[in-house]
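Notes for the one structure printed next.
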Amino acid sequence: MKRLALLVVVAAVYAALFVNLSRHSSRGGFDALSPRARLLEQLIETKRFADARPVADELAAAFPHEPLAAYWKATVLGGLGRRREAAEVWEAYVRMSTTPDEACPAMPEAYASLGEVDKALDAYERCAAFAPSDPERLVDLADAYAHAGRSADALVAYRKASVLDPTNPFVRERVTQADR
């Protein structure tokens with residue numbers, strides 16, 4: 001009888017501990033698979049940015065140091081055409097993320113759409129530095145240099161991209177055009 005009573009008490013303690021830990025983890029940590037997070041992903045996927053905005057704001061406010069929440073919010077702001085806010089949130093994402101290259105090319109494009117050429121060029125340069133073996137980032141940088149009238153820098157970036165992706169006809173064409 002004492003053994004059974006002891007087992008009941010131990011089971012009750014384990015159950016209480018399990019319930020308390022479950023409650024704590026659901027309140028305390030970011031869960032990318034939570035219903036709100038999944039809803040936000042679905043709204044973004046279907047480009048329902050106006051509907052996604054309050055959910056993105058809620059998650060970003062609740063988890064200000066969570067890169068994925070910042071990523072989603074920046075994506076939503078960009079989809080709503082709120083380029084300045086999107087650029088600011090992309091910058092926050094870059095600061096907190098272990099994969100800052102995921103902000104590219106959206107971050108520099110946000111600056112470019114605002115006509116902030118210097119900030120756009122800086123962002124394109126950072127994007128190329130985040131992913132130095134990605135020819136697309138180098139092409140983006142080269143295009144930005146060309147647009148800014150920095151043709152020598154553009155040619156260097158196009159050539160680096162062509163070394164990384166020698167079979168890409170688009171890159172070869174850009175090198176040929178910039179060489180002229």
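Take the Cα of Asn168, step 7 Å along the line toward its Cβ, and report every residue of the range 110-139 whose backbone nitrogen sits under 13 Å from that point.
128, 131-139
Dividing the Cα convex hull volume of the range 82-137 by residue count, how many Å³ per residue is that?
Cα convex hull per residue, to the nearest whole number: 65 Å³.
Please compute the Kirkwood hydrodynamic radius of the range 35-102 from all pairs of different C-alpha atoms, in Å with one decimal. Display every interim value, and only then the final one.
Working: mean 1/r = 0.0865 Å⁻¹.
It is 11.6 Å.
Where a number appears in this text, it was derived from the coordinates with a stated rule and is not lab data. These figures come from a predicted structure and were not determined experimentally. Cβ atoms come from the backbone with ideal geometry, glycine included; neighbour counts cover every protein chain shown.
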